[in-house]
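Data block below; observations after.
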Amino acid sequence: MTTGDKRFPLPLSSVVEKPAKTGRAEPSSQKVATPQTATQNAAQNIARVRASAAPAPPARASQPAAPVAPVVRSEPLVSDAVRAAMVARVARQGVKDAKVLAALDAVPRHLFVQPALASQAYIDASLPIGHHQTISQPYIVARMIEVMRANANGGVLDKVLEIGTGCGYQAAVLSLVAKEVYSIERIKPLHELAKSNLRPLRIANIRLHYGDGMLGLPQVAPFDGIILAAAGLEVPQALLEQLSIGGRLVAPVGARHQVLQLIERVGKFEWTNTTLEDCHFVPLRPGVA
Ligand code: SAH
């Protein structure tokens, strides 16, 4: 335990309530980010990370590359500082993949939790999202994506599948490390919640599906990566079959005692299994609700 840890969790309110250190005496002169500007800035942030992460398009002699729009922002938002602290903490917890940390830094987690919980959005915990489900802890979101990316392809991921969209947070993070993200949720109101959380962020490469994720999406398979955000007693066979050869699946497995497992498809009929660490997830359930 380092002394630095004592500063966390840092609730949004603790930052919001501090007077700005600009030397301006008038509290009324502080700019307050409205929900609309916060969402616009978040969308720009995501677009910027995507633009910097995207592989260079093939050169076309007749068409010069479109310039990336600069991020116009008058003042940093309070949530940026709190989110940066969250990312620093996740890095201290052992996540090293810079691309994953950048993605975590770009996604406004506070927009994925109920307004009453927004001040807790950046603490290191899962939080309720209704229907007895939770938004996953930031560390585990980052860890699973880091493990999925550590493939023989240098981290390049064309198609990935997430089982358990919940509020859509992890799908948003995934959208910054993969070309196409498919995510399945079995609880209809949560599927709708994820849609409305993601819509204002204008993320073009996420496809949300309502259905039983245990069946996967055979019509879209194979996937380079699959992440399960809910724990089953075993990983459904259908999902193993939908991994590409060289693809990596990361899943919590178990009931009361759960472990994070990495399954790699090494051949048409061959998979390897590695147990990584203990974890705690909501249960994977069959069918839809
Ligand atoms: N990915 C979310 C975590 C959501 S919690 C995040 O970003 O924080 C896990 C979700 O898995 C719950 O919403 C639950 O309803 C869903 N789930 C459980 N079993 C499922 C199944 N068979 N198919 C699809 N979703 C499932």
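When VAL266, VAL250 are checked against the criterion of being within 16 Å of the ligand (Cβ to nearest atom) and within 18 Å of ALA152 (Cα to Cα), VAL250 stands alone in meeting it.
The condition of being of a type in the set (Gly, Ala, Ser), assigned to a loop (DSSP other than H, G, I, E, B) and either away from the ligand (no atom under 13 Å from the Cβ) or within 25 Å of ARG265 (Cα to Cα) (or both) holds for only one of ALA142, ALA171, ALA178, that being ALA178. ALA116 meets the conditions (1) without any contact (Cβ under 8 Å) to a residue 12 or more places away in the chain; (2) buried (at least 17 other Cβ atoms within 10 Å of the Cβ) in every case but one. The failed one is (2). Looking at GLU162, GLU185, can you tell me which residue is touching a Phe, Trp or Tyr at 6+ places or on another chain (Cβ under 9 Å), near the ligand (Cβ under 7 Å from one of its atoms) and under 26 Å from VAL266 (Cα atoms)? Among GLU162, GLU185, only GLU162 is touching a Phe, Trp or Tyr at 6+ places or on another chain (Cβ under 9 Å), near the ligand (Cβ under 7 Å from one of its atoms) and under 26 Å from VAL266 (Cα atoms).
Applying the criterion of being surrounded by 10 or more Cβ atoms within 10 Å (Cβ to Cβ) and farther than 16 Å from LEU176 by Cβ to the residues of segment 63-79, the residue that is modelled with the highest pLDDT is SER79.
Residues that are under 29 Å from HIS110 (Cα atoms), charged (D, E, K, R) and within 14 Å of the ligand (Cβ to nearest atom) do occur in segment 210-232.
Working only within segment 171-193, note down all residues that are without any contact (Cβ under 8 Å) to a residue 40 or more places away in the chain and over 24 Å from GLN242 (Cα atoms). Passing the criteria: only GLU192.
Take the residues in segment 188-209 that are buried (at least 18 other Cβ atoms within 10 Å of the Cβ) and farther than 17 Å from LYS159 by Cβ, then tell me which one is farthest from the ligand (Cβ to nearest atom). By that ranking, first place goes to LEU201.
The values are calculated or read from the model by the stated rules, or taken from the named source; none is laboratory data. Here the structure is a predicted model, which means the values were calculated and not measured. In this analysis, Cβ positions are derived from the backbone assuming ideal geometry, glycine residues included, and neighbour counts consider all displayed protein chains.
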